[in-house]
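The values are calculated or read from the model by the stated rules, or taken from the named source; none is laboratory data. Predicted model only: the values in this text are computed from it and were never measured. Cβ: placed from backbone, ideal geometry, glycine included. Neighbour counts: every protein chain shown.
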Amino acid sequence: MPRYDAKRIEPKWQTFWDQHQTFKLGSIDPSKQKLYVLDMFPYPSGAGLHVGHPEGYTATDIVCRYSRMKGKQVLHPMGWDAFGLPAEEYAIRTGTHPAVTTAKNIETFKRQLKSLGFSYDWSREFATTDPDYYRWTQWIFLQLFDTWYDAEHTWTGPDGVTRTGKGRPIAELPIPADVASQGQEAVRRYQDKHRLAYQHEAPVNWCPALGTVLANEEVIDGKSERGGHPVERTPLRQWLLRITAYGDRLANELEDLHWPESIKLMQRNWIGRSEGAEVDFWIGGFGREPSSSTSSRSGGRESPGSAATAQLSADSRGESNQGAHAPRSEEFGEWKVARAKTGFPKEPSNDVLRIYTTRPDTLFGATYMVLSPEHPAVDRLTTPEQQAVVDAYRQQAAMKSDLDRTDLAKDKSGVFTGGYAINPINGEQVPVWIADYVLISYGTGAIMAVPAHDVRDCEFAEKYGIPIMWVVEPPQGYEYSKEELTFPLERKIDVLYPFTGEGKAIHSSIYNGLKTHVFKAKITNDLAENGLGRRAVNYRLRDWLFSRQRYWGEPFPIWHELDANGQPTGLMRVDDEASLPVRLPEMADFKPTGTPEPMLSKAPADWLCKTTVDGVRLKRETNTMPQWAGSCWYYLRFADPKNDQQFLDPAIEKACLPVDLYVGGAEHAVLHLLYSRFWHKVLFDRGLVSTCEPFQRLVNQGMILGEVDENGRAEKMSKSRGNVINPDTVVDEFGADSLRLYEMFMGPLEAVKPWSMKGVEGVSRFLARVWRMIADELHEEAVRLNPAVQDVPPSAEQLRVLHRTIKAVTNDIESLGFNTAISRMMEFVNEFLSSEVRPRAVMDPFVLLLSPFAPHLAEELWELLGHTTTLAYEPWPTWDEQHLIETEVEIPVQINGKLRGKVKVPVNADQPTLEAAAKSDPTVASQLEGKTIVKTVVIPGRMINFVVK
RNA sequence: GCGAGAGUGGCGAAAUUGGCAGACGCGCUGGACUUAGGAUCCAGUGCCUUAAUCGGCGUGGGGGUUCGACUCCCCCCUCUCGCACCA
């Protein structure tokens, strides 16, 4: 009994909290302050809890327990992100239904979390796989399906900021007259094209072994992240969510969030907004008069500023080709005149190639164009002579995954289509190539190539002997250093390299001499005025591929209409709200179909098909949603988890949201955290939530590495390295309080830190010392107070130590500096263990300070100190500066900035007193001997410095 | 390559606005109590020098600002993370 015994104490209090529902949050009182503290809920894997989980969970638990004692209403829930591939993979191997595996894993996780004493309100627990939850996931999908993005709509948000662009009900989508005139079906198809949730056919990463498409981030080096199976590119009709519509708002509204700058930056980069211009290059009725070849051009390589480039000035080049292509030049002139009248069309017409560029100021340097191999104009442009190579190249490109295509270690490749286009700014003919370094999914899928001022274009032009034309003069003093030729990676281009910076325009006709940024604005304007171009914004962000061919995910609440032959018409119906959830059908066979046909296509016919009352045959959508769907909105449901009338009561939403503190790993920086923000904004636009952003403050806990090895290095924990620490064994050996305290004591929450079992022992010893400070360890039979704990008034020094500790611990918790908070409590204990008398008036508040960190031990000691209720809602101790005042302080004495001694002086000693005291110090005196004091710097109560010669 | 962050004892780490570098813990050394110690307690512990003081050197390296720099400025090195043909 006498020793500190976590095994006895911890289950006792865990049972107590359960039975008393100590941490259940009832209805919210709007007059009291609320605090919503959220952990990223775990995927309940078969491996059980990892020591990384309790790191963030302990941090939030400390904040919650502290905040409750400060009188706040704390919402602190926990649940399970339980859909996903691992359970389904396990089902394929063993035949165990994913629901069974999932339930078992949740049970393990819950037992483990409970054993750590976290103060979750377990009455709010749910899993994303619960039909009562995914019912509303499906419902939110229907909201996305029912929404279109009105990019013109201007409105003012709750923050007073005026924004442009808002999601609106599809019923409010204006239908163009020509569509409306074609009847109801045309209108429906038009609407379907504008929904935030839409279907689109595109090449995707298809993994036959896993039987599903994968997101780009789930594919590594052309193989699946899970299992290392090959991934193919296959065009498939898939569901996409129009996240790109929200690109601007997702980027801009990061600004005011209390998030780590690195995460904000990652999101901005991921969204990748760029500004530039779209420009139409004229191709006319191409194919009639293929140009002889590029060799007719002055195909030599020019160096910057050489005579060769001057000779290729816009005018002379125009003339040199005049003869060979006179008819086309005339037509071009006519086209240009027409364009000036009609303006720049919304969609590119068939007689142009529309390109996107961020450097319209380099238009005069465009010596060729590149289309992505999938570009629809390739067929029209390709000449008969080039048809074979073009076809071969396109086929080869189609086989490559995105990752293969973007692999920098590979050479650039491409083929000439035989076709030419005319540069609208100078009437020059430029050859049109196809190359897979141009992606169909970005911009317009076509570029103007300016090898003099773009690294990639330069490499390509070098390889294929395409002329290079300098149109930007680098600023004075710019050095054409050879090293900058390095691209990609270690490969050198040793002839010429591009200048990609800003400078002054050359060889650019009337624009010569303009600075880059001025030129950009001016030419964009000029192009727009002549209907040849327009300002444009692009994003690296792609629409979110939202469907998977797995079983273990949310079914879509969507039906496809079938025609008389049983073929889909492309028209859809939705399940009405009352019929949700669309439950997963029971299935016995989890083997992948082996084709891109979704698993659910093997579902029973009564689930798959039905006929409407008006006789239309319908077939269910058989894709399921990705795992991210459930985690996109779980933080909302926690506020109102049992509501079976709506996904979230608006009054409760206003009272509980947004999340005030969100803690989790940085690995979700551009996935979950971006997807959630997107959904939240859609829900906001549709009036379903009242804030623009879901997570006010975000903190990323740092990864916990394995123990430092003999080389002084620490590596990631992994099964293969055999350095994984199981929280269960730590709890078993040292107790939950020790594990919690250790994980907080290791270092700053956000830092990457190595594990140390010795360190756990250390904090465990500290807790034993706390126990000994208050409990009587010498008494063998019963738990008793240590005789040193007495009902006597504390000394001034004891009060000083107490109040210093209260102040430090309070401030440290506020700033999430848990490691230093713990060290302050250690100092307190070191102090009082050597004290014969430990006044109860000092021990009581100390136990309260300790309670957020080591709640089991604290409750036990609180009881031992004679209290009869839980300390969970005891007022947090406050400090009084009065007690912190010291009468005497030790002041460092420096000579020329070097510490030479220390003197004790009264705290309010004036400068002369201080100087005299300092000079009386023997060491200082001897150092000053024979020297002149030139200056004396005194910071009262801080330090004194003699400057001597 | 681009972007972000970080380099402090043997190890994990502390250090308000520039003001005593190394709090706290681990480890180590010596001692006490012990049949025993992986329990507990006491003392010491940045490095060099010293019997001990004194002294000298110390926050990745080099320069600078200042009475005074882990902290601010410039250059360089190393490590970690993220992105990686987005025109």
Those residues of the range A:923-939 which are over 58 Å from the mean Cα position of the chain (by Cα) and within 9 Å of RNA strand B (Cβ to nearest atom) amount to A:Thr923, A:Ser926, A:Gln927
Residue check, A:Trp771 in contact with a strand residue (DSSP E or B) (Cβ under 6 Å, 6 or more places away or on another chain), within 11 Å of RNA strand B (Cβ to nearest atom) and touching a residue at least 40 places away in the same chain (Cβ under 8 Å): no
How many residues of the range A:614-648 are of a type outside the set (A, V, I, L, M), more than 23 Å from the chain's Cα centre (by Cα) and over 17 Å from A:Ala197 (Cβ atoms)? The answer is 11
When restricted to A:Arg68, A:Arg93, A:Arg8, the only residue more than 27 Å from the chain's Cα centre (by Cα) and surrounded by 22 or more Cβ atoms within 10 Å (Cβ to Cβ) is A:Arg68
### Query
Does the range A:42-60 contain any residue that is part of a helix (DSSP H, G or I), more than 32 Å from the chain's Cα centre (by Cα) and at pLDDT 95 or above?
no
Within the range A:460-489, the count of residues that are at pLDDT 85 or above and within 13 Å of RNA strand B (Cβ to nearest atom) comes to 3
Please indicate, with yes or no, whether at least one residue in the range A:905-917 is in a strand (DSSP E or B), of a type outside the set (Phe, Trp, Tyr), farther than 30 Å from A:Asn786 by Cβ and touching a strand residue (DSSP E or B) at 6+ places or on another chain (Cβ under 7 Å).
yes
Is it fair to say A:Gly702 is in a loop (DSSP other than H, G, I, E, B) and more than 20 Å from A:Thr164 (Cβ to Cβ)? yes
Within the range A:330-349, restricting to residues that are in a helix (DSSP H, G or I) and buried (at least 16 other Cβ atoms within 10 Å of the Cβ), the one that is farthest from the chain's Cα centre (by Cα) is A:Glu331
Inside the range A:359-395, the number of residues satisfying the requirement of being closer than 30 Å to A:Lys504 by Cα, hydroxyl-bearing (Ser, Thr, Tyr) and either away from RNA strand B (no atom under 14 Å from the Cβ) or surrounded by fewer than 15 Cβ atoms within 10 Å (Cβ to Cβ) (or both) is 0
Scanning the range A:849-873 for residues that are acidic (Asp, Glu) and within 22 Å of A:Met826 (Cβ to Cβ) gives A:Glu859, A:Glu860
Over the range A:626-660, the set of residues touching a Gly at 6+ places or on another chain (Cβ under 9 Å), at pLDDT 95 or above, in a loop (DSSP other than H, G, I, E, B) and crowded, with 20+ Cβ neighbours inside 10 Å is A:Phe638
Counting only residues in the range A:443-460 that are out of contact with any strand residue (DSSP E or B) (no Cβ under 7 Å at 6 or more places or on another chain) and buried (at least 24 other Cβ atoms within 10 Å of the Cβ), the one farthest from A:Gly414 (Cα to Cα) is identified as A:Ala452
Within the range A:723-758, residues away from RNA strand B (no atom under 15 Å from the Cβ), assigned to a helix (DSSP H, G or I) and surrounded by fewer than 17 Cβ atoms within 10 Å (Cβ to Cβ) come out as A:Asp728
Of the residues in the range A:774-796, those that are more than 16 Å from RNA strand B (Cβ to nearest atom) and among the charged types (D, E, K, R) come to A:Glu781, A:Arg784, A:Asp791
Scanning the range A:695-722 for residues that are within 11 Å of RNA strand B (Cβ to nearest atom) and free of Cβ contacts under 8 Å to residues at least 12 places away in the same chain, the one nearest to A:His50 (Cα to Cα) turns out to be A:Glu715
Of all strands (runs of 3 or more DSSP E) fully inside the range A:137-249, the set with 1 or more residues that are loosely packed, with under 15 Cβ neighbours inside 10 Å and in contact (Cβ under 8 Å) with a residue 24 or more places away in the chain is A:147-156, A:162-169, A:197-207, A:232-241
The number of residues in the range A:834-880 that are within 25 Å of A:Ser764 (Cβ to Cβ), touching a strand residue (DSSP E or B) at 6+ places or on another chain (Cβ under 9 Å) and in a loop (DSSP other than H, G, I, E, B) is 1
Query raised in the report: Just wondering, is there one or more residues in the range A:79-90 that are surrounded by fewer than 23 Cβ atoms within 10 Å (Cβ to Cβ), of a type in the set (A, V, I, L, M, F, W, C) and part of a loop (DSSP other than H, G, I, E, B)?
Result: no
Exactly one of A:Val663, A:Val670 is buried (at least 20 other Cβ atoms within 10 Å of the Cβ), within 14 Å of the chain's Cα centre (by Cα), touching a residue at least 24 places away in the same chain (Cβ under 8 Å) and not in a helix (DSSP H, G or I), and that one is A:Val663
Pairing a residue in the range A:913-934 that is under 17 Å from A:Gly897 (Cα atoms) with any residue that is in a loop (DSSP other than H, G, I, E, B) and more than 10 Å from RNA strand B (Cβ to nearest atom), where Cβ atoms lie under 6 Å and the two sit 6 or more apart in sequence or on different chains, gives A:Thr932/A:Lys949; A:Val934/A:Lys949
